[in-house]
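Trainee: To start, I am sharing the structure in question, which I have written as structure tokens.
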């Protein structure tokens with residue numbers, strides 16, 4: 001079972017088109033990407049400022065999908 | 001349509017990193033992020049990390065979990081505002097360190113006169129630095145043959161990592177009309193320093209005083225130099241006659 005963890009972030013980051021929200025796994029000493037870590041269940045709670053379609057960028061199959 | 005709260009769900013399993021790009025002509029206020037990390041096949045222990053990347057590809061924010069996940073283990077991580085770094089087990093409290101720098105010398109110029117030619121980027125080195133001790137997470141290194149210094153950051157000393165750093169850099173330009181900026185960036189690509197950050201402008205007198213402020217959370221003991229650069233495009237050469245200043249303030253749990 002996955003252990004619950006929390007982390008901080010600034011309140012209400014205002015992000016325009018083209019900004020990327022990236023969830024990744026880094027080595028604590030070097031800051032390099034740690035290989036082989038699987039990420040799933042990514043959920044973003046947002047305020048949709050313009051009310052448009054925010055899911056057009058969500059592709060069913062990405063290049064690095066396993 | 002009026003703004004509304006929504007949940008964007010991307011349930012697919014992917015090898016890190018996993019990304020979402022804000023679609024064209026849209027704008028969001030990010031309130032909370034959740035993700036599940038499976039380290040069964042991980043190449044080592046890892047810090048679950050949220051990064052904000054600008055359309056130009058620059059990492060403008062890095063937010064890590066308080067502790068690392070061991071290789072082979074899994075974690076369900078939530079990022080939301082108001083969460084502070086956990087106090088280290090057995091820690092006696094918090095400590096802080098202040099570093100102040102002035103006496104600027106630009107490079108290239110051999111640390112000489114503070115003059116920037118047109119369309120030139122120059123590093124702002126410091127000839128006078130004061131810091132409190134302990135801890136020793138804020139320090140400096142020689143640049144320009146030792147004629148000036150670069151501020152450095154590294155977890156360690158009397159502070160546990162992670163610790164937070166707030167900085168303010170002020171440059172007083174002479175009166176001129178033309179693009180100019182001040183920026184700070186890590187010299188080794190350290191992703192935990194949420195920089196480069198830059199303040200830019202081109203008017204006078206409004207942009208003649210540029211104050212760059214920011215914060216980042218340093219996670220590692222690796223030495224990182226904080227390179228302060230100035231640029232001016234068409235006013236010059238520009239001689240900065242007022243002493244630029246910098247201040248770095250680190251605070252975190254005691255080791």
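Trainee: Determine the principal axes of the Cα atoms in the protein assembly as shown, then give the extent along each, sorted from largest to smallest and rounded to whole angstroms.
Mentor: Extents along the principal axes, in whole Å: 60, 51, 31.
Trainee: Next question. If one puts a single equal scatterer on every Cα of the range B:169-255 and applies the Debye formula without solvent, what log₁₀ I(q)/I(0) results at q = 0.12, 0.16, 0.19 Å⁻¹?
Mentor: Computed log10 I(q)/I(0) values: -0.42, -0.68, -0.86.
Trainee: Please work out the C-alpha center-to-center distance from the range B:142-197 to the range A:3-23 and express it in whole Å.
Mentor: Distance between centres, Cα-based: 24 Å.
Trainee: Additional query: Any idea what the alpha-carbon Rg over 2.2 N^0.38 Å comes to for chain B?
Mentor: Taking the Cα Rg and dividing by 2.2 N^0.38 Å, one obtains 1.15.
Trainee: Tell me whether the range B:160-213 comes out rounded, prolate or oblate; compute the Cα gyration tensor, take square roots of the eigenvalues as a ≥ b ≥ c, and use a/c under 1.5 as the rounded threshold.
Mentor: prolate
Trainee: Additional query: For B:126, B:173, B:140, what ranking results if the residue with the fewest other Cβ atoms within 10 Å of its Cβ goes first?
Mentor: Listed from fewest to most nearby Cβ atoms, that is B:140, B:126, B:173.
Trainee: Further, regarding this structure: Please tell me the relative contact order of chain B in percent, rounded to the nearest whole number, where contacts are Cα pairs under 8 Å and at least six residues apart.
Mentor: Reported as a whole number, the value is 23 percent.
Trainee: What order do you get for B:176, B:46, B:63 when you list them from fewest to most C-beta neighbours inside 10 Å?
Mentor: B:176, B:63, B:46
Trainee: Counting other C-beta atoms within 10 Å, which of B:66, B:142, B:190 has the fewest, and how do the rest follow?
Mentor: B:142, B:66, B:190
FYI, it's all coordinate maths here, none of it is from the lab. The structure presented is a predicted model; accordingly, all values stated were derived computationally and were not measured. As a convention, Cβ positions derive from the backbone with ideal geometry for all residues, glycine included, and neighbour counts pool all protein chains shown.
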